[in-house]
């Protein structure tokens, strides 16, 4: 096996790609977290209120209502933030080609530009359906349980 655990993987990446490769995609990852988390958490309460309507004082929403609200806001959040996920993954997966110093993408904005140029705007929503399902389920588990 090429990669064995966290330490083994870290050593392999550093040996093959250099220490800087550990931070590939960091900027896009931060964009994703800020955008996705802001939307999913920020919309949760208003969406939950739309689902439950006005509740009497002291009455809490039912679990399925919380789960619905969290699933919806997770789907909305990743629909908006999917381009940042695509860019993050592409930057994390690029490698130096044939020991050349040039990388396919020189940075986050270059990655956005090249995806749009070569694949069109739709390229930024590659794998949206799988990403939407995954993030809806995760958001449902997190927010509904925290609430």
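The values are calculated or read from the model by the stated rules, or taken from the named source; none is laboratory data. Because the structure is predicted, anything quoted here is derived from the model rather than measured. Because the Cβ atoms are built from the backbone with ideal geometry, glycine has one as well, and the counts that use them run over all protein chains shown.
One table, with the values for the structure above:
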read-out: The one condition in (1) at positive phi; (2) in contact (Cβ under 8 Å) with a residue 24 or more places away in the chain that residue 53 fails to fulfil; value: (2)
read-out: Neighbours by Cβ (under 9 Å, 6+ apart or cross-chain): first from the range 122-137, under 13 Å from residue 81 (Cβ atoms); second loosely packed, with under 15 Cβ neighbours inside 10 Å and at pLDDT 95 or above; value: 124/116
read-out: Qualifying residue in the range 113-122 (condition: more than 10 Å from residue 74 (Cβ to Cβ), modelled with pLDDT of 95 or more and not in a helix (DSSP H, G or I)); value: yes
read-out: Failed item, numbered, when residue 129 is tested on (1) in contact with a helix residue (DSSP H, G or I) (Cβ under 8 Å, 6 or more places away or on another chain); (2) over 14 Å from residue 28 (Cβ atoms); (3) part of a helix (DSSP H, G or I); value: (1)
read-out: Any hit, the range 95-109, residues being under 20 Å from the mean Cα position of the chain (by Cα) and without any contact (Cβ under 8 Å) to a residue 24 or more places away in the chain; value: yes
read-out: Residue within the range 61-79 that is under 16 Å from residue 138 (Cβ atoms), buried (at least 18 other Cβ atoms within 10 Å of the Cβ), in contact with a helix residue (DSSP H, G or I) (Cβ under 9 Å, 6 or more places away or on another chain) and free of Cβ contacts under 8 Å to residues at least 24 places away in the same chain present; value: yes
read-out: Residue in the range 32-41 that is within 24 Å of residue 13 (Cβ to Cβ), out of contact with any strand residue (DSSP E or B) (no Cβ under 9 Å at 6 or more places or on another chain) and in a helix (DSSP H, G or I) present; value: yes
read-out: From the options 14, 34, residue that is surrounded by 13 or more Cβ atoms within 10 Å (Cβ to Cβ), within 26 Å of the chain's Cα centre (by Cα) and free of Cβ contacts under 8 Å to residues at least 60 places away in the same chain; value: 14
read-out: Members of the range 1-31 that are in a helix (DSSP H, G or I) and touching a helix residue (DSSP H, G or I) at 6+ places or on another chain (Cβ under 8 Å); value: 10, 13, 14, 21, 22, 27, 28, 29, 31
